[in-house]
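The structure appears right after this line, and notes come after that.
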Amino acid sequence: MGTAVEVRDLKAWFGKTEALHGINMSVESNHATAVIGPSGCGKSTFIRCLNRMHETNPEAKAEGEVRIGGMDVYDVPAVDVRRRVGMVFQKPNPFPTMSIYDNVAAGLKLNGTRNRTTLDDCVERSLQQAALWEEVKDVLKKKSGASLSGGQQQRLCIARALAVNPEVLLMDEPASALDPISTAKIEDLIFELKQKLTIVIVTHNMQQASRVAEYTGFFLMGNLVEFDKTEKIFTNPSDKRTEDYITGRFG
Ligand SMILES: Nc1ncnc2c1ncn2[C@@H]1O[C@H](COP(=O)(O)OP(=O)(O)OP(=O)(O)O)[C@@H](O)[C@H]1O
Ligand SMILES: [Mg+2]
């Protein structure tokens with residue numbers, strides 16, 4: 001299968017404060033990797049460094065190596081990185097006034113695609129992959145992104161990310177604002193999506209991590225304490241700090 005994302009000695013700062021202290025991780029292709037740990041440990045910062053979102057904050061900087069495919073993420077223009085590495089956030093953020101269709105087509109249009117059939121096909125395929133097509137196919141151009149329910153908005157954001165065919169999808173607590181049914185839909189989706197891309201998902205929900213992810217990394221205070229098969233992390237962790245966290249004695 002191989003490695004989709006190779007992270008070497010990654011450090012990140014907000015101003016003078018070092019938030020990540022040298023992270024090393026190999027993310028396996030076509031699998032899901034969960035990132036867990038207590039609030040403030042650096043989970044969001046870590047995944048935001050993988051597609052150079054971190055540096056959109058003027059105070060922020062990062063150092064180290066992130067390789068995706070053959071690409072050194074910090075050696076190419078950030079737009080190229082973000083085209084290949086999609087991201088979904090905790091709070092669904094569709095373009096509120098744009099139609100469902102335009103939300104999904106936005107990335108392709110930005111990349112210069114104008115052909116109507118190409119756009120139509122891509123919008124349908126992406127909404128199918130995000131398990132939203134059946135619910136919206138009759139109102140694609142009539143309804144706005146903001147008019148959907150929270151769970152539908154999150155699937156719309158996933159469709160928008162998928163439309164540009166990313167190799168890696170980063171998800172930062174994608175289901176934490178959703179009801180159990182929408183959460184189950186997102187989890188099913190992760191299962192399907194792994195066939196064609198690699199997923200890194202931040203979650204506070206340990207059951208969710210064990211359901212969706214083959215690998216799990218436990219972060220604590222800006223360090224990756226332990227990284228292993230999910231089953232190992234949750235049943236027989238090597239580090240006492242991981243054990244304390246997963247058994248609820250910490251955080
Ligand atoms: N915009 C920011 N400016 C300054 N410091 C920040 C900023 N965002 C995060 N930090 C700091 O960086 C550290 C890591 O934060 P991060 O958001 O990555 O944690 P997290 O593990 O995602 O937490 P949570 O589970 O609450 O989302 C924390 O100490 C936090 O206070
Ligand atoms: Mg976070």
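The values are calculated or read from the model by the stated rules, or taken from the named source; none is laboratory data. Since the structure is predicted, the reported quantities are computational estimates derived from the model, not experimental observations. Methodologically, a virtual Cβ is constructed for each residue, glycine included, from the backbone with ideal geometry; neighbour enumeration extends over all protein chains shown.
The number of residues in the stretch 198-227 that are crowded, with 21+ Cβ neighbours inside 10 Å and either more than 16 Å from ligand 1 (Cβ to nearest atom) or under 16 Å from the mean Cα position of the chain (by Cα) (or both) comes to 13.
Going residue by residue through the stretch 46-59, is there one that turns out to be in contact (Cβ under 8 Å) with a residue 24 or more places away in the chain, part of a helix (DSSP H, G or I), away from ligand 1 (no atom under 12 Å from the Cβ) and over 20 Å from residue 237 (Cα atoms)? Looking through the stretch 46-59, at least one residue is in contact (Cβ under 8 Å) with a residue 24 or more places away in the chain, part of a helix (DSSP H, G or I), away from ligand 1 (no atom under 12 Å from the Cβ) and over 20 Å from residue 237 (Cα atoms).
Among the residues of this structure, residue 75 counts as one that is more than 16 Å from ligand 1 (Cβ to nearest atom), modelled with pLDDT under 95 and farther than 30 Å from residue 211 by Cβ. When the residues of the stretch 204-226 are filtered to those that are touching a residue at least 12 places away in the same chain (Cβ under 8 Å) and part of a helix (DSSP H, G or I), the one that is farthest from residue 32 (Cα to Cα) is 206. Residues that are within 16 Å of ligand 1 (Cβ to nearest atom), surrounded by 14 or more Cβ atoms within 10 Å (Cβ to Cβ) and part of a loop (DSSP other than H, G, I, E, B): does the stretch 82-89 have at least one? Checked against the condition, which is being within 16 Å of ligand 1 (Cβ to nearest atom), surrounded by 14 or more Cβ atoms within 10 Å (Cβ to Cβ) and part of a loop (DSSP other than H, G, I, E, B), the stretch 82-89 yields at least one hit. Only residues that are in a helix (DSSP H, G or I) and within 17 Å of the chain's Cα centre (by Cα) were counted in the stretch 65-79, giving 3.
Among the conditions (1) touching a residue at least 60 places away in the same chain (Cβ under 8 Å); (2) within 16 Å of ligand 1 (Cβ to nearest atom), residue 17 misses just one, which is (1).
When residue 188 is tested against (1) of a type outside the set (A, V, I, L, M, F, W, C); (2) under 21 Å from residue 32 (Cα atoms); (3) at pLDDT 95 or above, exactly one condition is not met: (3). Candidates 174, 166: the one that is in a loop (DSSP other than H, G, I, E, B), in contact (Cβ under 8 Å) with a residue 24 or more places away in the chain and within 23 Å of residue 69 (Cβ to Cβ) is 166.
Given the options 192, 187, 167, 173, name the one that is of a type outside the set (Phe, Trp, Tyr) and within 16 Å of ligand 2 (Cβ to nearest atom).
Values: 192 fails: within 16 Å of ligand 2 (Cβ to nearest atom); 187 fails: within 16 Å of ligand 2 (Cβ to nearest atom); 167 fails: within 16 Å of ligand 2 (Cβ to nearest atom).
Checking each option against the conditions leaves just 173.
Going through (1) out of contact with any helix residue (DSSP H, G or I) (no Cβ under 9 Å at 6 or more places or on another chain); (2) under 22 Å from residue 93 (Cα atoms) one by one, residue 229 falls short only on (2).
For the stretch 143-197, the tally of residues that are within 16 Å of ligand 1 (Cβ to nearest atom) and charged (D, E, K, R) stands at 2.
When each of 187, 192, 134 is tested for being acidic (Asp, Glu), crowded, with 16+ Cβ neighbours inside 10 Å, assigned to a helix (DSSP H, G or I) and in contact with a helix residue (DSSP H, G or I) (Cβ under 9 Å, 6 or more places away or on another chain), the lone residue that passes is 187.
Quick one: is residue 123 crowded, with 21+ Cβ neighbours inside 10 Å and part of a strand (DSSP E or B)? Criteria not met by residue 123. Within the stretch 23-45, the residues that satisfy the criterion of being within 16 Å of ligand 1 (Cβ to nearest atom), among the polar types (S, T, N, Q) and not in a loop (DSSP other than H, G, I, E, B) are 33, 44, 45.
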